[in-house]
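K.L.:
Dropping the structure in here first, questions after.
The values are calculated or read from the model by the stated rules, or taken from the named source; none is laboratory data. All of these numbers come straight from a predicted model, not from anything done at the bench. We place every Cβ from the backbone using ideal geometry, glycine too, and count neighbours over all the protein chains shown. Surface areas here come from the heavy atoms of the whole protein model, side chains and all, with no ligands, DNA or RNA. Shrake-Rupley method; radii C 1.70, N 1.55, O 1.52, S 1.80 Å.
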Amino acid sequence: MHELFKDIDQDRARSFKGRDIISPLDFEKDEILFLLDVARRFETFREPVLPGCILAALFFEPSTRTRLSFESAIQRLGGSVLGFADKGVSSVAKGETLYDTIRVVEAYCDAIVIRHPLEGSARVAAESTERPVINGGDGANQHPTQTLLDLYTIRKEKDRIDGLRIGFLGDLKYGRAVHSLVDTLCHFDVEMKLISPKTLRLPAQLREKLDSVGISFSEHEEILPAAAGLDILYTTRIQKERFPDLLDYERVKSVYQVDRTILPEVGEELTIMHPLPRVTEISPDLDDYPRAAYFRQSANGVTVRRALLALVLGGIL
Amino acid sequence: MTDHTEYRVTALRDGTVIDHLPPGMALKALEFIGHEGGNIVTVGMYLDSRKYGKKDLIKLENKELNEAEIAKIAILGPHTTLAIIRDYRVVAKVAVNIGDEIAAVATCPNPTCITNHDDLRTRFHVMNRHPLRVRCHYCERVVTEAELEVT
């Protein structure tokens, strides 16, 4: 046990060994805070605690940040990665079921990260193997490691999560990063402003959940004045690939463009986040705005994923 | 005074009586459980019920329901009862309750749920019994009774 982890809850750390990371619904608030605390320690912890460990990265859907940050994370921990970044090169193209793919791949690795276009795929993968499975995004459902790095970023930028006023902007209907984060924020005392075209509202089941846990939220179609007074503006890309009807996409694809002109209106505390990639929704002229946090947010992804991999593979026990 | 003939349903010798189905649900229930040719199936719809106002009822000759069939019937309503009849006597009354999970008897209405693509046993976590609201174990979509397609 490294000095840096001597005072963490050892039982809790052990409980993460071999555990799947599939959905925020699987985690209690205390566990989320524990993960964020361990991740914070990984900012300064550089030791390769997973020598010889192999991570299988099965990406059935395109990804840059998630895949590369997992690859970076396992390599920085002393392990290595194998896998594919395009389902066309896997046996799925030959009609193999996900269950069979996982049963085969489990023999090649110690842990699996999976991204797949179908919702529930990561859960199926987890139930197919004893190896820990991490969900790297399942369709429009969940993206728990993005959520953890988002929460980590919020806490690092603002020193807290409770008490914040958080705005979500853009595609709130299909964006799994938004769904996961909103779902997880139900554990915290926050206020939300949901800014989207009418056709891309947050799904009813999430709005009902916010109501049921007593989170105050309001819905808006325009950035201003909704964004005034917020602590965080979480912007998202309108995702062409999720639209069943491309005409609907064309109607809303460029509806929001956040640029420096909003700064005088929004107050000095506004931190701007984005899971990236961006298209036109955040102007590059905001990149040198001190509270434009999206590149720091992306970089935090490696720290958080190092912590997660170390925990599920027992690297800091 | 007008003469009228009262038609009575023959008492079951062996089989099952499904009683207190919500009014209008008998045909749906029959669709769920199917029926074997040759055996008498008696369906009563919108019958008067002292407890619930109206109810549906089904008598199935020579048939006892299995667990999966009972689970499907349970989805239809909260008051349904089952009586198993052998040699004209009620030998067992079976509670028709929805448990914490509904498994393998319904499909997820989400077209991009993996259960609609790979050959998988569906599972739904019951969030609310009446009205029924469940969450798909896989895609996590919250589904109402009207959206749940029983197979």
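K.L.:
Tell me which DSSP H helices of chain A clear both cut-offs, 18 Å or more of axial length from alpha-carbon atoms and a mean Kyte-Doolittle hydropathy of at least -1.0.
P.N.:
A:29-41, A:144-158, A:294-312
K.L.:
Sorted by average packing, counted as other Cβ atoms within 10 angstrom per residue and highest first, what order do A:220-230, A:303-313 take?
P.N.:
A:303-313, A:220-230
K.L.:
Now for a separate question. Please average, across the residues of A:111-123, the number of beta carbons from any other chain that are within 10 Å of each residue's own beta carbon, and give a whole number.
P.N.:
5
K.L.:
Of all chymotrypsin sites (Phe, Trp or Tyr not before Pro) in the range B:53-151, which ones are in loop regions per DSSP and have a Cβ with at most 11 other Cβ atoms within 10 Å?
P.N.:
B:Tyr88
K.L.:
What are the residues whose amide H is under 5 Å from the amide H of A:Phe217, where those residues sit 5 or more places off or on another chain and H is modelled from the backbone?
P.N.:
Residues meeting the criterion, in which the H sits 1.01 Å from N, are A:Met192.
K.L.:
Compute the distance from the alpha-carbon center of the range B:93-151 to that of the range A:282-313, in whole Å.
P.N.:
If you average the Cα positions of each part, the centres end up 37 Å apart.
K.L.:
Sticking with this one: For a protection proxy built on the mean count of beta-carbon atoms within 10 angstrom, sort A:158-170, B:47-59 highest first, please.
P.N.:
Per-residue mean Cβ counts within 10 Å order the peptides as A:158-170, B:47-59.
K.L.:
Then there's this: Over the range A:144-294, with the other protein chains present, what is the accessible area per residue in square angstrom, probe 1.4 angstrom?
P.N.:
Solvent-accessible surface per residue comes out at 42 Å².
K.L.:
May I ask you to evaluate 6.51 cos²θ - 1.76 cosθ + 1.60, the Karplus curve with θ = phi - 60°, for each residue of the range A:259-267 and list the ³J(HN,Hα) values in order in whole Hz, giving x for glycine and proline?
P.N.:
With coefficients 6.51, -1.76 and 1.60, one gets 9, 5, 5, 7, 4, x, 8, 9, x Hz.
K.L.:
Whole-Hz Karplus ³J(HN,Hα) for the range B:14-29, in order, using 6.51 cos²θ - 1.76 cosθ + 1.60 and θ = phi - 60°, x for Gly and Pro?
P.N.:
9, x, 9, 10, 9, 10, 6, 5, x, x, x, 9, 4, 5, 4, 4
K.L.:
Using a probe radius of 1.4 Å on protein heavy atoms only, what is the accessible area buried between chains B and A, both sides summed, to the nearest 100 Å²? Mind showing how you got there, number by number?
P.N.:
Details: alone 9590 and 13700 Å², together 21980 Å².
Counting protein atoms only, the buried area is about 1300 Å².
K.L.:
Calculate, for A:Gln75 and A:Arg14, the FRET efficiency according to 1/(1 + (r/R0)^6) with r their C-beta to C-beta distance and R0 25 Å; round to the nearest 0.05.
P.N.:
That pair, A:Gln75 with A:Arg14, gives E of 0.50.
K.L.:
I'd like the carbon and sulfur percentage of the solvent accessible area for the range A:98-230, probe radius 1.4 Å, heavy atoms only, ligands and nucleic acids excluded.
P.N.:
Details: 2040 of 4460 Å².
Carbon and sulfur atoms account for 46 percent of the accessible area of the range A:98-230.
K.L.:
Can you give the angle from 0 to 90° between the axis of helix B:67-76 and the longest principal axis of chain B, with both taken from C-alpha atoms, to the nearest 10?
P.N.:
Tilt relative to chain B: about 90 degrees.
K.L.:
Within 10 Å of each Cβ in peptide B:117-127, how many partner chain Cβ atoms are there on average? Round it to a whole number, please. Working shown, then result.
P.N.:
Numbers: counts 7, 9, 2, 7, 0, 1, 3, 0, 1, 0, 1.
Counting Cβ atoms of other protein chains within 10 Å of each residue's Cβ and averaging gives 3.
K.L.:
Can you give me the long-range amide H partners of A:Leu118? Hydrogens built in the peptide plane at 1.01 Å from N, cutoff under 5 Å, separation of 5 or more residues or another chain.
P.N.:
Counting only residues 5 or more places away or on other chains, the set is A:Gly139.
K.L.:
What percent does the relative contact order of chain A come to when contacts are Cα pairs within less than 8 Å and at least six residues apart? List each step's numbers first, then the result.
P.N.:
Details: 592 pairs, mean separation 67.4, N = 317.
Relative contact order for chain A comes out at 21 percent.
K.L.:
Another question about this same structure. Please give the per residue accessible area of the range B:101-150, computed with a probe of 1.4 Å over protein heavy atoms only, in Å².
P.N.:
48
K.L.:
Of the heavy-atom accessible surface of the range B:101-150 (probe 1.4 angstrom), what whole percent is carbon and sulfur?
P.N.:
On the range B:101-150, the fraction of accessible area on carbon and sulfur atoms equals 44 percent.
K.L.:
Holding the Cα-Cα limit at 28 Å, pick out from A:Lys240/B:Lys28; A:Lys158/A:Lys253; A:Lys87/A:Lys173; A:Lys29/A:Lys156 the pairs that are longer than that. Could the numbers behind the result be given before it?
P.N.:
Details: A:Lys240/B:Lys28 40 Å; A:Lys158/A:Lys253 30 Å; A:Lys87/A:Lys173 25 Å; A:Lys29/A:Lys156 17 Å.
Violating the 28 Å limit, Cα to Cα: A:Lys240/B:Lys28; A:Lys158/A:Lys253.
K.L.:
By per-residue mean of other Cβ atoms within 10 Å, what is the highest-first order of A:252-260, A:69-77, B:67-75, B:32-40?
P.N.:
In descending order of packing, they fall as A:69-77, B:67-75, A:252-260, B:32-40.
K.L.:
Right, something else. Rounded to the nearest 500 deg cm²/dmol, what is the calculated helix-only ellipticity per residue at 222 nm for the protein assembly as shown, with -39500 (n - 2.57) per DSSP H run of length n ≥ 4?
P.N.:
-8000 deg cm²/dmol
K.L.:
Could I ask something else about it? How many percent of Cα pairs in the protein assembly as shown exceed 35 Å?
P.N.:
Distances greater than 35 Å cover 43 percent of the Cα pairs.
K.L.:
Mind checking the mean number of beta-carbon atoms from other chains within 10 Å of the Cβ atoms in A:129-142?
P.N.:
2
K.L.:
Can you list residues whose amide H is under 5 Å from B:His137's amide H, if they're 5+ apart or on another chain and H is modeled 1.01 Å from N?
P.N.:
Under 5 Å from the amide H of B:His137 lie the amide H atoms of B:Arg123, B:Phe124, B:His125, each far enough along the sequence or on another chain.
K.L.:
Still on this structure, please answer the following. Do you know the relative contact order of chain B, to the nearest whole percent, from alpha carbon pairs under 8 angstrom that are 6+ apart?
P.N.:
Relative contact order comes out at 21 percent.
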